[in-house]
Structure formats: structure tokens, C-alpha cells
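Report on the structure given below.
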Amino acid sequence: MTATVAAVDLGASSGRVLLGRVGDGKLHTEEVHRFPNGPVHLLGTLHWDVLALYREVLTGLRLAAELDSVGIDSIGIDSWAVDYGLLDARGALLGNPVHYRDSRTGGITPPDGLYEINGLQFQPFNTMFQLMAEPLLAHAKQLLLIPDLFSYWLTGERGAEYTNATTTGLIDVRSGRWSAELTRDLPAGLLPDLRHPGDPAGTHEGVPVTAVGSHDTASAVVAVPAETERFAYISCGTWSLVGVELGSPVLTEESRAANFTNEGGVDGTIRYLRNVMGLWLLQECLRTWDTGLEPLLREAAGARGAVFDPNDPVFLPPGDMPARIQRQCGKTMTRPEIVRSVLDSLALAHRDAIADAQRLSGMEVEVVHIVGGGSHNELLCQLTADACGLPVVAGPAEATALGNVLVQARAVGAVHGTLADLRTLVRKSQPLRRYLPR
Ligand code: ADP
Ligand code: LRH
């Protein structure tokens, strides 16, 4: 059986709709629509423009339907994590969703004992902390994470997809359910029932919508083209999400202190990883300079950089990134030197996270997979291989959308098997590039 599915993947820097054809041991994808995404500053608060994004999603689905005269078997949606919309009693959106880079959660510290329950790294923007600063909470009847909100708008049906729900900080990592203790102070019924990747999630104009790993990083990890179980991954886009896949969480004090997270993956896996600030640093430099990436990357290859800690919270909000980087490095630099500093510093942060993941989980890795838009960045891939002293396999750049496609294709019966089987399909169908450590 061959299936055609539409994957909606909303990243923090861009969104896209892909058409995926899967069956007879083959995987073929075609991008049908791509659109920019980014923060909108409004009256002192940083928002997402969710209605504009929804319009783009509808455009993408229309274009996909026009391309596929045979008919689409399923639609799946994933996006960045932690952010949400609040609904009133009629199901209408209360306010425009706030961006996780907004300053409203600045100064929050995690309560003691939290990690033992939710296993989540501390990020000030985790949903549970945003809710502490949420003025609309008292008026809200229900909370929907961003992919669940889009799914609701498409289908009229509500639910909370599990992988993304784990990024709220409100899921008990052992039971995989909403934690009674952590949700105690929230309005009753605020959090919808959980659904899991592969579950039906309603219909849009007669086409079934299927829950996927709706946390973009969960979908990206599905499509890591690993041959061995002993792999590390870097889902490298706006963020670098760096870690390993495990069967059970690591909840030790050392793991908490190293700020490693145990996020829920597809098929009951644990995504044991650390957030590294990622290519956001570069995106914000380019925005400040109002220039393109490729010429700068060429110049950066021959430049000397400085090393700084890319995870310093000073880099989290939007703003003049070159100024912040130069301040952290304690010197004035040319543009290529700044770009080189970003790449050197990210490569070292990738190395540290992979070393920590191995030390804390006891798993030894043989290869590092870089997926996401950053897999196009040859210099970063080579520097990461050099820093880690491990081979790097780069690609696919659209791993998130591919993971979304594959989980849908499996749900409709066009492909069978475990994550290893899905990964084999990715490995056989996608162009990959190998970097050896120098
Ligand atoms: P997100 O899903 O977080 O929006 P993506 O996975 O789409 O992020 O990755 C976007 C990033 O990938 C860009 O910011 C850019 O740094 C990098 N990237 C994309 N294409 C290229 C390219 N051709 N060369 C180098 N880097 C690229
Ligand atoms: C990447 C991502 C990441 C989260 C962040 C908020 O897009 O989903 O996994 O930590 O956004």
C-alpha cells in the first residue's frame, strides 16, 4: 500500500507543508509551501502571529490537495514546543499566544523536587512557568499547545499530544500522564486528555488528521537516519537539541545539575538532551546586519573566532546579537570573526552536551547525526566532528517534516515496524553527507 500524507511543520524561523508519499519500501517528499515565521513585538509583549501562520497552513494544505489528484490520506502537524493558546468557554482564542522568548518569565527559579517528578531541564519558558505569569489564566477554560491549537482549528477536536505535552513541565515522567501534584493549582479541565503519535485527531474537509510527534524535536529524532543504536543527535535549527535516545529517564541529581531533559519521544522513548542556543545566534546576527548567510559562511571558514558560552541567558531575547556576542567575548570583531565565533562556540557546546549525555546516561556513542537546517552548514558540521572526535552524518535538513510524514504513514498502514525501520527508510532515501574528525 502507498499513502500520501501532508506534514505541516512550524519551526521558529520558518514553516512548511510537505507532501510525503510512502509505501513499497520507498519514501518520497515534496515541499509544497514554505513561509517565514518569527516574533511580533506588540505593546511590550512578544507574540507569535498565529492567525497568519494558520492562513499559511491552509494555503499549504490547499496546494498539497491540488498537487495530489489521488487524494491525501492524512494530515499531521508539529511545531516548536512549550507555547500555547488559551480558549474561553466557547472555544474562542483568548489573546494572541505569547512567544517563549518574551521576558515575562525572567527571574523564575524552579521549585525544589520538580526534576524528580517531570525530569525536565529548567528553561524559564517551560509552559508551567509561563502559566505562573499568565494574566489570562483566570478566564481560560482550556489550554492548547500550538500544534494542538492548529489541529483544533482544522478539525474542531481538542487533545494534548503527548510528546509536546512533556515540554510543559506538567507531565509525570514516570507515568506519562498529567501530574496531579503539578497541575493542582490549575483550573479544572484546563489540560485536555492526552493523545499519542499515531492516534486519530479528527478530520479536516474529510481528510483524517493524525497525531504525530507534535513536538518538532520528537519528529526530528524519528527521522535521524541512524544505523546503530549508539548514536547521538543534534537537531540543529533555531536551537541545537543535543542528546541521545533512551528507554527510560535519567533523574539523578547530576543530570538535573547538568540541565539535561527527559522529553517524551515517539514509541515511548525518552529524548535525553540539552538545549544549546543554536543557530538563533546567527539568525539574529543576520537580522541585525540585514544580510544573507552564505557569503559570510565562506569568509568565516578562513577567520579566527573567539569562544563564548552560547547558552548564556543573555542571548535568549531578540535584539542586537553582534553587540552581545562581542561583549561576551570582550573584544570588537569583524562580521566573519563573529560568525566564526558562533560556529566554534556551538561546536564546543555540541561536544560538551554529547560528552555529558554519555557520562550521565552510561550510553557510549559511535556517531553524531546532525539533522535540521543546520545540516546544510558545512563548516559547523566539520567543526562539530572535530570537537567531538566522532564522525558526523549530516542530513536530512527536513528531518522534522520527515518524522511527521513517517508517523502518519505508519498510522495509515503504508509502512510498518519500529523506529529503526522508519530510520532505515530515511537512510535509504535521503542524501546524507559524512564528516570525519580532523
Ligand atoms: P527551525 O525549524 O528552528 O525554524 P530549521 O531547521 O529550518 O530551523 O533551520 C534553520 C537554520 O538552518 C537557519 O537559521 C540557517 O542557519 C540554517 N540553514 C538553512 N539553510 C542553510 C544553508 N543552505 N546553508 C547554511 N545554513 C543553512
Ligand atoms: C525547537 C523547540 C525545542 C524547544 C524550543 C522551545 O523548535 O521545540 O525543542 O526547547 O523549541
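Each value in this text was obtained by applying a stated rule to the coordinates, not by laboratory testing. Worth saying up front: this structure is predicted, and the values here are computed from it rather than measured. All Cβ positions, glycine included, derive from the backbone under ideal geometry; neighbour counts span all protein chains shown.
Using 0.36 nm per residue and subtracting the Cα-Cα separation, the extra length available between Glu31 and His139 on full extension is 34.9 nm. The calculated 222 nm mean residue ellipticity attributable to helices in the chain amounts to -9500 deg cm²/dmol, summing -39500 (n - 2.57) over DSSP H runs of n ≥ 4 and dividing by all residues. Karplus-based coupling profile of region 90-100, in residue order and whole Hz: 8, x, 7, 6, 9, x, 8, x, 8, 7, 5, with θ = phi - 60° in 6.51 cos²θ - 1.76 cosθ + 1.60 and x standing for Gly or Pro. Exposure proxy for His376, His215, His416: other Cβ atoms within 10 Å of each Cβ, ordered fewest to most, give His416, His376, His215.
Each of Ile72, Ile354, Ile108 has some number of other Cβ atoms within 10 Å of its Cβ, and from fewest to most they run Ile108, Ile72, Ile354.
Remark: relative contact order (the chain) = 17 percent; criterion is Cα-Cα distance under 8 angstrom and separation of 6 or more residues. Ranked by the mean number of other Cβ atoms within 10 Å of their residues, highest first, the peptides 326-337, 396-407 come out as 396-407, 326-337.
Loop-resident GluC sites (Glu not before Pro) (DSSP state other than H, G, I, E or B) in region 87-195 with no more than 13 further Cβ atoms inside 10 Å of their Cβ: Glu181. Multiplying the residue separation of Glu294 and Asp88 by 0.36 nm and removing their Cα-Cα distance gives an extension gain of 69.6 nm. Using the Cβ of Thr29 as centre and a radius below 9 Å, the other residues enclosed give a net charge of -2, where K and R count +1 and D and E count -1. Bridges between two residues of the chain, per DSSP, are antiparallel at a rate of about 75%.
With K and R counted +1 and D and E -1, the other residues having a Cβ less than 14 Å from that of Gln358 yield a net charge of -3.
Here region 230-311 was treated as a single set of alpha-carbon atoms; its pair distances binned every 5 Å from 0 give 3, 12, 17, 20, 16, 10, 10, 9, 4 percent. Taking Gly206, Gly85, Gly389 in turn, the Gaussian network model of the chain (Cα-Cα springs below 10 Å) assigns the largest fluctuation to Gly206. The Cα center of region 76-118 and the Cα center of region 409-433 differ in position by 32 Å. Charges were assigned to the Cβ only: +1 to each Lys and Arg, -1 to each Asp and Glu. The resulting dipole of the chain about its Cα centre is roughly 620 debye. Relative contact order, percent, of region 112-248 when contacts are C-alpha pairs under 8 Å separated by at least 6 residues? Relative CO of region 112-248 lands at 21 percent. For region 130-165, the residues whose amide N sits under 20 Å from a probe point set 7 Å from the Cα of Thr45 along the beta carbon direction are 130-150. For the pair region 6-22 / region 312-345, the C-alpha centres are spaced 31 Å from each other. Among the GluC sites (Glu not before Pro) found in region 185-262, those both in a DSSP coil and sparsely packed, with 16 or fewer other Cβ atoms within 10 Å of their Cβ, are Glu205, Glu227, Glu229. What FRET efficiency, computed as 1/(1 + (r/R0)^6) with R0 = 35 Å and r the Cβ-Cβ distance, is obtained for His416 and Leu436, rounded to the nearest 0.05? Given R0 = 35 Å and the Cβ-Cβ separation, E is 0.50. If I take all pairs of Cα atoms in region 338-438, what percentage of them are more than 23 Å from each other? Value for region 338-438 (Cα pairs over 23 Å): 36 percent. In the chain, the C-alpha radius of gyration followed by the widest Cα-Cα span (Dmax) gives 20.6, 60 angstrom. Percent of C-alpha pairs per 10 Å bin in region 1-57, short distances first: 22, 39, 23, 12, 4, 0. Listed values for region 137-154 are Karplus-derived 3J(HN,Hα) couplings in whole Hz (6.51 cos²θ - 1.76 cosθ + 1.60, θ = phi - 60°), namely 4, 5, 9, 8, 9, 8, 10, 10, 5, 3, x, 5, 5, 5, 5, 5, 5, 6, and x replaces Gly and Pro. Electrostatic tally near Ala301: other residues with Cβ closer than 14 Å to its Cβ, Lys and Arg +1, Asp and Glu -1, net -1. With a 10 Å cut-off between alpha carbons and a GNM built on the chain, which of Pro318, Pro135, Pro391 moves the most? Judging by the Gaussian network model, the answer is Pro135.
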